[in-house]
Amino acid sequence: MLKKGFPDDFLWGASTSAYQVEGAALSHGKKASQQDIINKDNYEKRGFATAEIASDHYHHFKEDVALMKEMGFTAYRFSIAWSRVFPDGTGEVNEEGIQFYRDLIDELLIHGIEPIVTLYHYDLPWALVEKYHGWLSREVVKDFEYYAAYIIEEFKDKVKYWTTINEQSIIVQFWTQKCFIPRELQSNHQLRYQINHHMNLAHAIACRLVHEKVPGGLVGAAIGYAPVYPLTSKPEDVMAAQNAHDLHNGYYLDIYFKGIYTESAMIYLESKGLAPDIEPGDMELIKEGYSDFLALNYYSSECAKACLKEEELRFAGVNWTGVKGAMDGHEHQPGFFQMCPNPMLDTTDWDWAIDPTGLEYLLRDISMRYNKPLMITENGLGAYDTLTEDGKVHDSYRINYLRDHVRSIKKSMDFGAKVLAYCPWSAIDLLSTSNGVKKRYGFVYVDRTDDDPKECTRIRKDSFFWYKKLIESKGEDLE
Ligand code: BG6
C-alpha cells in the first residue's frame, strides 16, 4: 500500500482556551465570565487554582507566540473570551479587550502561524447568567449572534478557520462545570438537552455568519468525541454501544452535517421526557448553518454495556483527586446503555482510558459517514510533571502518548481520512477544567502551583523538543 504521509500544507500546532490560559480575568476592562465564578468555587471547595491569573498569557502572549514559532507551529487554536470583548455580554465593546486579540492575531500572522479561532469555550459572560440564566434561556442565542457577528466582522480578513462552540457533548455531561446551573434546577435533566439545542442554534448562526462574511472561510464545531466500544461481544452490549454512539456522537454530528437530530437518540430522549423543546423554524436554521469541517477533541475512547430499564438516570462522574480509580460514577441511560471502564486499556491518573487506536478508528469512521475534512483541535495527556533542580521537565510519558496518536492519524490518512491539522492540548500548561493546574498538558511548563501563581516562568519540556523535531520532519521523525 502506498503510504502518503502528512501533506506539505498540513497544519501543525497546539491549542488553548481563553479562561484556562489568559488570566487578567477581572482587569483591563474584562468582567467575570461564568468560569471565573465556577473556578472560584472550585478553589474554595477543592483548592484548585482560580482563573484569575491562570498562565498569565495575557501578559506573556508575545513570549508564548515566540515559543510556538520556535517549535515550528503553523497553526494555533485559541478562544476569544466573550466577556473580555463585551464585559456585559452585549452593548459596549471593551476596546482594550478586542485590542488584545488584534495584537495576538497579528503576532501569530507575523510569525507565519495560522490562527484557528474558537468563538466560545465555556466562558459565558456572567452578566448574562445574572440576566436570564445564560444558556438555559433562549435569549442567549441573539446575544451570541451579536457577539459572533462583531468578532467575525473584525477578523474576517485575518482568520480563515473558525470553530464555533467547544464540546457541546461534554457540556451536556458535565453541565455544572461548564455552565453555571442554579442548584434548584440541577435535578431537571431535560435542561441539559435544552441548553444543547440553544447551542445548536447559536452554532448554526455562527456558521452562517462565517459563510456570509469571510471570503474563503471555513467553519465547524469543536466536538469532544470518543468512539464507543461494547464491553463484550454479547449482542446486548453491542446494541448498547450503538445506542451510546447515537446519543453521544451521532446526536451532534447529524446536526452539524445533516441538520437533523439522530432519530434513535431523539426517540429515547422523548421516552424519558428529556427531549429539547424545538420551535418552528429552528430546524431550518440549523440546516442552513451547515459546517465545512469538524474539529475533534480526542483524549480517550469509551466503553458501554447494556443497562436495565429499572436503573436510575445518571450522568458521567469526575475523578477530582488524580488518584487512579477515584472516578465517582458512570453515566446510566436506563434501557439504552450504561458506560463502564474498558478492562483492555490503561488509564491516566484521572481515569481517562489511553487509546491511540481509538483515534484512527474515529477518523476513519467519521470520514466514511460524513465525507468532510477533519481537524484534531485537542489531544493530550493530563499528567503530573516534575521540574528538576536543573530546570528540566522529563515528560517521556507525554511524548509516548502523542507519538502513538500521531501514528494513528497517519494511518487513518493512509486509509483515506482527510485531516487538515493536528493541534494537541495544550500549547503551554494551563488551568484544567476540573483538576486545577497540577494536571498538566503543555509542551511548555508554566512555573506555578494551585496555591501560588509565582512568576509563571516558561520552561521548555522534553516534549517541546520532540514536537519541534516532529514538525521539522513533517511528521516523519516520530522517535
Ligand atoms: C477538553 C476541553 O474537554 O478537555 C478543555 O475542551 C480541557 O478545555 C481538556 O482542558 C482537558 O480536560 P481537563 O478537565 O483535564 O482540563
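Filter the GluC sites (Glu not before Pro) in region 274-332 down to the DSSP loop ones having no more than 15 other Cβ atoms within 10 Å, then list what survives.
GLU310, GLU311, GLU312
For region 354-479, what is the convex hull volume of its Cα atoms per residue in Å³?
Roughly 111 Å³ of hull volume per residue.
Taking square-rooted eigenvalues a ≥ b ≥ c of the alpha carbon gyration tensor, is region 20-154 rounded, prolate or oblate, where a/c under 1.5 means rounded and, failing that, a/b exceeding b/c means prolate?
Taking the square roots of the gyration eigenvalues as a ≥ b ≥ c, region 20-154 is oblate.
Remind me, what semi-axes does region 284-334 give for its equivalent ellipsoid, largest first in whole Å, using sqrt of 5 times each Cα gyration tensor eigenvalue?
Values for region 284-334, descending: 30, 20, 10 Å.
Using every Cα-Cα pair within region 206-277, state what percent have a distance larger than 18 Å.
In whole percent, the long-distance tail amounts to 54.
Provide, as a two-decimal number, the C-alpha radius of gyration of region 161-288 over 2.2 N^0.38 Å, N being how many residues it has.
That ratio works out to 1.13.
State the percentage of accessible surface on the chain attributable to carbon and sulfur atoms; use a 1.4 Å probe and exclude ligands, DNA and RNA.
Carbon and sulfur atoms account for 52 percent of the accessible area of the chain.
Give me the net charge of HIS245's neighbourhood, meaning all other residues with Cβ under 10 Å from the Cβ of HIS245; Lys, Arg count +1, Asp, Glu -1.
Net local charge, HIS245 excluded: -3.
With every protein chain present, what accessible area does ASP452 have (1.4 Å probe, heavy atoms only), rounded to the nearest 10 Å²?
70 Å²
Let me check I have the definition right: for region 16-71, take the eigenvalues of the Cα gyration tensor, multiply each by 5, take square roots. What are those semi-axes in whole Å, largest first?
Computed over region 16-71, the values are 24, 13, 8 Å.
Considering only the chain, what is the antiparallel percent among its DSSP beta bridges, to the nearest 5?
30 percent
Give me the three principal axis extents of the chain from the C-alpha atoms, as integers in angstrom, largest value leading.
57, 54, 46
For region 1-156, give the magnitude of the charge dipole about the Cα centre (Cβ charges: +1 Lys/Arg, -1 Asp/Glu; no others), in debye to the nearest 20.
560 debye
On each of the three principal axes of the Cα atoms of region 254-356, give max minus min coordinate, whole Å, ordered largest first.
48, 37, 23
Largest first, how would SER27, SER233 line up by accessible area (1.4 Å probe)?
My answer, sorted largest first, is SER233, SER27.
State which entries of LYS31/LYS438; LYS4/LYS178; LYS309/LYS439; LYS62/LYS439; LYS4/LYS213 exceed 32 angstrom in Cα-Cα distance in the structure shown.
LYS4/LYS178; LYS309/LYS439; LYS4/LYS213
Please list, ordered by chain and number, the residues whose modelled amide H lies under 5 Å from the amide H of VAL419; skip anything fewer than 5 residues away on the same chain.
Answer set, sorted by chain and number: LEU374.
I'd like to check one number: the per residue accessible area of the chain, probe 1.4 Å, reported in Å² as a whole number.
So the chain comes to 38 Å² accessible per residue, rounded to a whole number.
Using only protein heavy atoms and a 1.4 Å probe, report how much of TRP320 is accessible, in Å² to the nearest 10.
60 Å²
Hey, got the dipole for the chain? About the Cα centre, +1 on K and R Cβ, -1 on D and E Cβ, debye to the nearest 20?
I would put it at about 840 debye.
How big is region 376-431 by the Kirkwood estimate over distinct Cα pairs, in Å?
Mean inverse Cα-Cα distance, inverted, gives 12.9 Å.
Tell me which DSSP H helices of the chain clear both cut-offs, 18 Å or more of axial length from alpha-carbon atoms and a mean Kyte-Doolittle hydropathy of at least -0.5.
Counting only whole DSSP H runs, the qualifying helices are 95-110, 139-155, 190-213, 356-370.
Can you pull out the GluC sites (Glu not before Pro) in region 68-97 whose DSSP state is coil and whose Cβ has at most 16 other Cβ atoms within 10 Å?
Listed in order of number, the matching sites are GLU92.
Run the numbers for SER271 and THR357: contour at 0.36 nm per residue of separation, minus the present Cα-Cα distance, in nm.
27.5 nm
Listed highest first by mean packing, meaning other Cβ atoms within 10 Å per residue, what order do 364-370, 466-472, 75-81 come in?
Peptide ranking by packing, descending: 75-81, 466-472, 364-370.
Please compute the alpha carbon radius of gyration of region 407-479, then divide it by the globular-protein estimate 2.2 N^0.38 Å. Two decimals is fine.
Compared with the compact-globule rule of thumb, region 407-479 sits at 1.37.
Can you check what the net charge comes to around PRO424, using other residues whose Cβ is under 14 Å from the Cβ of PRO424 (Lys, Arg +1; Asp, Glu -1)?
Around PRO424, the surrounding residues sum to +3.
On a 1.4 Å probe surface of the protein chains, which of PHE61, PHE465 comes out largest in accessible area, and what is the full order?
Largest accessible area first, the list is PHE465, PHE61.
Once you list every other residue whose beta carbon is under 11 Å from the beta carbon of GLU378, what net charge do they have if Lys and Arg are +1 and Asp and Glu are -1?
0
The values are calculated or read from the model by the stated rules, or taken from the named source; none is laboratory data. This structure is a prediction, so every number in the text was calculated from the model and none was measured. Positions of Cβ are backbone-derived with ideal geometry, glycine not excepted, and every protein chain shown enters the neighbour counts. Accessible surface areas use protein heavy atoms only, side chains included; no ligands, DNA or RNA. Shrake-Rupley method; radii C 1.70, N 1.55, O 1.52, S 1.80 Å.
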